[in-house]
Amino acid sequence: METYIDLLLNSYSGYFNYLKNEILYWKWDNYFYGLIAISLVVWLLEMLFPWRKQQAVFRKDFWLDLFYLFFNFFLLNLILLIALSSVTEQLLNDFVGVFGFELASIQLFSISELPKPVALLLFFLISDFLQWNVHRLLHTIPFLWKIHKTHHSVKEMAFAAHFRYNWMEPIVYKSLLYLPVILIGGVDLADVFIVHFITIAIGHLNHANIGWDYGYLKYILNNPKMHIWHHSKKMPNKYGVNFGISLSLWDYLFKTNYIPFDGRDIELGFHDDEQFPTDFLDQELYPLKK
C-alpha cells in the first residue's frame, strides 16, 4: 500500500510541475496552448460560417462550457492521463504478476515495429473504435447514462460543448480503454499528443455551430451535421444514434447512423432535461444523488 501512496504522491507532484511548465513555456506538444489555439480557430470558424445564424456568439451556457473546457482538460483529464495512469499501470503489473506474467509479455502485438505513420493511424483507429463502444455503454447502462447526461444537457451547440462532461466520465473511458491499449503496446507519449490534438480538433468541430458534413468524407469522419442528431431530444430508439467520436465509420458499419433531415434547428437535450441542474457543482454531483 505504501508503494501506491508514494507513487500517487510522486505522480501528482510531477503533474504540478508539468502543468506549471505547460503554462510558462511554449513547445510544439504543449497541451495548454494547443487547446487554446484549436478553440480559437474553431470559434472563429463559427463566427465566419454560422449554421444557426440566430445563435449568439456568446450563446446560452457559453461561460459554463468554457469553464468545463479548462476544468476537464487541465484539472481532470490530464490528472487522470498523467498521474493516475502510473498507479493503474502498477496495479495491472501487480495483478498479472500474481499469475507469473509481466504486463509487457501479454501484449498481442507492438505497433512500434510498424512505420510511424502506419502505427499512428492504427493507434487512432483502435482507440476510436474502443471509444465508440464505450460511448454506446454510456447510453445503455442506466448509471453510466446518469453520468453522461451532463454532456447531453447542452441546449445550444457550439465548440466548447465538447468538454461539458461529468468528472466521472473520463474515469469510465480510461478504465475501459487502458488494458486494450496496453495490449497493442509501443505507443510513446509523443504519439499520444499527436492523436490527442487531432481528436480535439475533430471533437470541437463536431460540436461547433457550423453546417459542414465534409462531402463523401462524412462516411468516414464524424461531422457537425451528423453529431447534432446524437444530441437530439427526440430519438428514433431508446438508446440514441450516431455514437462516433472522431469517426462516423463505425456508425455506418454497425447501422447506428441516423440523419433523417437537416438537423440545424432541432431541439437538443433529453427527456425531462428541465429538471437537470444548471450549475456546475450540482451537475458534477448529479450521478451520486438518488
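A few points about this structure:
- Rounded to whole numbers, the Karplus 3J(HN,Hα) couplings from phi for segment 225-241 are 5, 8, 5, 4, 6, 5, 9, 5, 6, 9, 10, x, 8, 6, 10, x, 9 Hz, using 6.51 cos²θ - 1.76 cosθ + 1.60 with θ = phi - 60°, and x at Gly and Pro.
- Applying a threshold of 18 Å to the alpha-carbon distances of LYS155/LYS233; LYS53/LYS155; LYS234/LYS290 flags LYS234/LYS290 as lying beyond it.
- Per-residue ³J(HN,Hα) for segment 132-143, Karplus 6.51 cos²θ - 1.76 cosθ + 1.60, θ = phi - 60°, Hz, x for Gly and Pro: 4, 5, 4, 4, 5, 4, 4, 9, 9, 8, x, 5
- Long-range amide H partners of LEU268 with built H, under 5 Å: LYS233
A short reminder: the numbers here are calculations on the coordinates, not readings from a lab. The structure presented is a predicted model; accordingly, all values stated were derived computationally and were not measured.
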